[in-house]
Amino acid sequence: MEIRLDQIDPDALRVVQRLRRYQHKAYLVGGCVRDLLLGRKPKDFDVATSATPNEIRRCFRNCRIIGRRFRLAHVFFGRKIIETATFRTNPRVEDETGDGSETPDADLLIRHDNVFGTAEEDARRRDFTINGLFFDIESAQVIDHVGGLPDLEARLVRTIGDPDIRFREDPVRILRAVKFAARCNLTIEPETYQRMMEHKAELAKCAQARVTEEFYRLLRAGAARRSFELLVETGLLEFLVPELVQAWSREDRDPEVKQRIQRFWSYLGALDESILARSDTPGDAMILATFLLPPLRDVLAPDARPEKPIAQIVAQSVEPILVRLKASRRDSELCRQILLTMRYLLPAHPARQRPTRLATRPFYRDALWLASIAAKAEGVTPPQDLAQTASPVADGVSAEEDLPPELLVDVDANLGRDRRGRRGRADRQDGSTGGRERSERDSRTDAGTPSPAGRSAESPAWMPGQAIRTPIPDLALLGLLPRARPSFLGNGGFGGRWGRVSDIG
């Protein structure tokens, strides 16, 4: 396994070279090194350096420092971000006696991570051996302080150090283990897997924003189906979205329910194929809508005639999950509008003309992408782009009148600052994780979003909250998923991947 310089992003090389020019140590680190060694194309490049965040900022004018729990620097090259972090050491968390000893009941959760250290200390404080590799661009050599290269050759996910301590320090690492096993087609090392099962309930200790961000990444990385298979086998889905576990816990499995189960897995597979085929990555709202569409597919069919208004059914069905995930108000509203737009994009018999105003809405591109995923999953012809095929609005009909009021809500109005000038809680950026992805998604979304306009009194914005806190009868009745331990996942042994392949693939 080797890495060539022509495989590395030129801007990442530029960051490393400039830091070295200012007499700082700097290496490529983490996932980019792992992916290059596995023959995969990295989604981004990270740099680790001996320079402090303030020293990094002095080296680059196009730099911004983010984060509180974990301060690091983002170096901007247009819309691209090279994340640059200072070498850190693992902070020691003392128990109540103050002697630094580690008892079985001691709370080892890391709540601050800004203790700077050496390159070797930085490698040893990372989560898994396959993520603790450094690449020196001058010598073109991989620096391995943690035994990551043997684990890559054996295709194992193994924690650095005692997995019991590592998962108690940061339970989110449990979800990261699932992500790497699914994305890179790896096997979780037996002791690591055992400790994951012992400490999975401690995910409740972590900030919900971090847990939700990892959940998005599981679906966004092009391995959503494999990720969900492992979430089901390990029982982790019960801690992420228990509403879904309750929905699929029904014992009676009639042919219609089995068809819906197959549809769910087909949608995840189609999402993976679509992400791998495109250069762009879906935003959080798109991920949520893809995840929530399968159980609502029949209700959102253009020829469906539900007893309640469609907007009410969608709001009541998705609200508990959005509240649990603490999705931002913007993502919640965009998700709802994308789902409602499926009424116009999914195939209908006879064919139904779509409102021409639809193509001007900021969520239209994501809705069209989701409709193509649904078409691939169901084996039908994907919809055409309305902006290229639609005829002008009929005479005497205004551009606003050909859409229902729920699709005319301006998702950007009143989501900025509150009356005291502070940013709303849902809109704050959690500097501990996901800063780069949020920056990219914000710039991508804002580019196609019109300037905020005032909402009318007739069409207030929908947002999750206590006002419509209801159970989700639609999801429960649809029975969208298999049992908590479906037969196709095998017995959960450590020797293979997830057991044999099922007959619902």
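List of remarks:
- E243 meets each of the listed conditions (1) over 20 Å from the mean Cα position of the chain (by Cα); (2) not in a strand (DSSP E or B) apart from (1).
- Residue within the stretch 28-46 that is touching a His at 6+ places or on another chain (Cβ under 7 Å) and assigned by TED's automatic domain parsing to the domain that holds I143 present: no
- Residue match in the stretch 248-256 (condition: within 29 Å of I310 (Cα to Cα) and at pLDDT 90 or above): no
- Of the numbered criteria (1) on the phi < 0 side of the Ramachandran plot; (2) in a loop (DSSP other than H, G, I, E, B), the one G161 fails is (1).
- Test for E138: is it in the same structural domain as L38 (by TED's automatic domain parsing), of a type outside the set (V, I, T), more than 30 Å from E273 (Cα to Cα) and surrounded by fewer than 21 Cβ atoms within 10 Å (Cβ to Cβ): yes
- Answer residue from the stretch 174-201, given it is of a type in the set (D, E, K, R) and touching a helix residue (DSSP H, G or I) at 6+ places or on another chain (Cβ under 7 Å) and is farthest from A154 (Cα to Cα) among those: K200
- The set of residues in the stretch 23-49 being without any contact (Cβ under 8 Å) to a residue 60 or more places away in the chain and surrounded by fewer than 17 Cβ atoms within 10 Å (Cβ to Cβ) consists of Q23, G39, K41.
- Each residue in the stretch 203-227 was checked for being surrounded by fewer than 22 Cβ atoms within 10 Å (Cβ to Cβ) and not in a helix (DSSP H, G or I), and 4 pass.
- Within the stretch 364-380, the set of residues being more than 22 Å from E333 (Cβ to Cβ) and either modelled with pLDDT under 90 or in contact with a Gly (Cβ under 6 Å, 6 or more places away or on another chain) (or both) comprises E378, G379, V380.
Okay, residues lined up against (1) surrounded by 18 or more Cβ atoms within 10 Å (Cβ to Cβ); (2) at pLDDT below 90; (3) outside any helix (DSSP H, G or I); (4) outside the structural domain of G67 (by TED's automatic domain parsing):
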{"site": "K179", "(1), (2), (3), (4)": "yes, no, no, yes"}
{"site": "A201", "(1), (2), (3), (4)": "no, no, no, yes"}
{"site": "E229", "(1), (2), (3), (4)": "yes, no, no, yes"}
{"site": "K258", "(1), (2), (3), (4)": "no, yes, no, yes"}
{"site": "I261", "(1), (2), (3), (4)": "yes, yes, no, yes"}
{"site": "F264", "(1), (2), (3), (4)": "yes, yes, no, yes"}
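- Where a residue in the stretch 282-297 is over 16 Å from Y216 (Cα atoms) and its partner, wherever it lies, is assigned to a loop (DSSP other than H, G, I, E, B), with Cβ under 9 Å and at least six apart: P294/L480; P294/L481; P295/I472; P295/G479; P295/L480; P295/L481; R297/L346
- Positions within the stretch 141-170 being buried (at least 16 other Cβ atoms within 10 Å of the Cβ), without any contact (Cβ under 8 Å) to a residue 24 or more places away in the chain and either in contact with a His (Cβ under 9 Å, 6 or more places away or on another chain) or over 18 Å from I3 (Cα atoms) (or both), in sequence order: V146
The values are calculated or read from the model by the stated rules, or taken from the named source; none is laboratory data. Worth saying up front: this structure is predicted, and the values here are computed from it rather than measured. Methodologically, a virtual Cβ is constructed for each residue, glycine included, from the backbone with ideal geometry; neighbour enumeration extends over all protein chains shown.
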